[in-house]
Amino acid sequence: MPVPIPRHIAIVMDGNGRWARRRLLPRAAGHRQGMEALRRCIRACLARGVEALTVFAFSSENWRRPADEVNSLMELLAKALTREVPELEAAGVRIYFVGDRQSLTDHVRQGLAQAEADTAHNSKLVLNVCFNYGGRWDIAQAAAQVAARLAERGEPVTEAAFSEALPGALALAHMSDPDLLIRTGGEQRLSNFLLWQCAYSELFFSERLWPDFDETALDQAIAAYAARERRFGRTGEQIKLVQTAAQTIAI
Ligand code: FPP
């Protein structure tokens, strides 16, 4: 039987710094190698029919790193815009940049908008690059939007109105929630990534450092996902009943 493929995979690409340190290289070299791993991963997702890939490239908290490392990540983003986007466009990838763009330079902001426009006609794989992103920022900006909209209409912020409108105001409103969240680098935490959207995602933690993450490692994560029973708050018996009913209809 074919392995069920997660429709949407999210990844915390951790371990670039350690990868570089083990080779006595600067951290920037680890990030460059991380970019290679990301290219590989996008290809592998395309080949496996994954519909969406969401990656954490720069968190709201990464500004706290030394200035030269922050600069190297900004440069990597600028380079990716010129070097990678044409190739991704040709491969059928639609790119979205997700995060707070206010503190990015005008030049980078224009580049992000251009990459999104250039790939808007694609639909093989959606690639969400989370850059200057934080889950708490996302929920706060969405809450502010919802509150402003309700105030405009003179409606009170009730629990019902708020929870109905919030998901549509989040930065990943164009997507279904991730089915599988992978974190590399051996740490087992979310680090403020997709806090709302990963409420029911299956979590997979890999000891591999991100630059070493390859197709085999991705397949291990997908196989682990395929072996899980997703219950969304229901019981295992309820899920089996629904599956049996679906199989009966299919027959
Ligand atoms: C975490 O590893 C990784 C990052 C903060 C950056 C991730 C960026 C890439 C993989 C390159 C792709 C970039 C763009 C712009 C698309 P770490 O540095 O925290 O590693 P450590 O835990 O070993 O120190």
(request) Kindly list, by first and then second residue, each pair from a residue in region 22-42 that is within 19 Å of ASN71 (Cα to Cα) to a residue that is more than 9 Å from the ligand (Cβ to nearest atom), limited to pairs with Cβ atoms under 7 Å and residues at least 6 apart or on different chains. (result) ALA28/SER72; HIS31/SER72
(request) Would you mind telling me which numbered condition in (1) open to solvent by less than 20 Å² (accessible area, probe 1.4 Å); (2) away from the ligand (no atom under 12 Å from the Cβ); (3) in a helix (DSSP H, G or I) ILE42 fails? (result) (2)
(request) Pairs only if they're at least six apart or on different chains, beta carbon under 6 angstrom, first in region 76-90 and more than 11 Å from the ligand (Cβ to nearest atom), second of a type outside the set (S, T, N, Q) and in a helix (DSSP H, G or I); list them, first residue then second. (result) GLU89/ASP118
(request) List the number of the failed condition for ILE11; all other conditions in (1) open to solvent by 10 Å² or more (accessible area, probe 1.4 Å); (2) within 11 Å of the ligand (Cβ to nearest atom) hold. (result) (1)
(message) Considering only residues that are assigned to a loop (DSSP other than H, G, I, E, B) and more than 13 Å from the ligand (Cβ to nearest atom), which ones fall in region 120-141?
(response) ALA120, HIS121, ASN122, SER123, LYS124
(message) Please go through region 50-65 and give me each residue that is assigned to a loop (DSSP other than H, G, I, E, B) and within 11 Å of the ligand (Cβ to nearest atom), ordered by number.
(response) ARG65
(request) Scan region 107-115 and give yes if some residue there is assigned to a helix (DSSP H, G or I), more than 21 Å from LEU194 (Cβ to Cβ) and touching a Lys or Arg at 6+ places or on another chain (Cβ under 7 Å), otherwise no. (result) yes
(message) Could you tell me how many of the residues in region 182-191 are part of a loop (DSSP other than H, G, I, E, B), touching a residue at least 40 places away in the same chain (Cβ under 8 Å) and within 12 Å of the ligand (Cβ to nearest atom)?
(response) 5
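The values are calculated or read from the model by the stated rules, or taken from the named source; none is laboratory data. What you are looking at is a predicted structure, and each value in this text was computed from that prediction instead of being measured. Quick reminder, even Gly has a Cβ in these numbers, built from the backbone with ideal geometry, and neighbours come from all protein chains shown. Note: areas computed on protein heavy atoms with side chains; ligands, DNA, RNA excluded. Shrake-Rupley method; radii C 1.70, N 1.55, O 1.52, S 1.80 Å.
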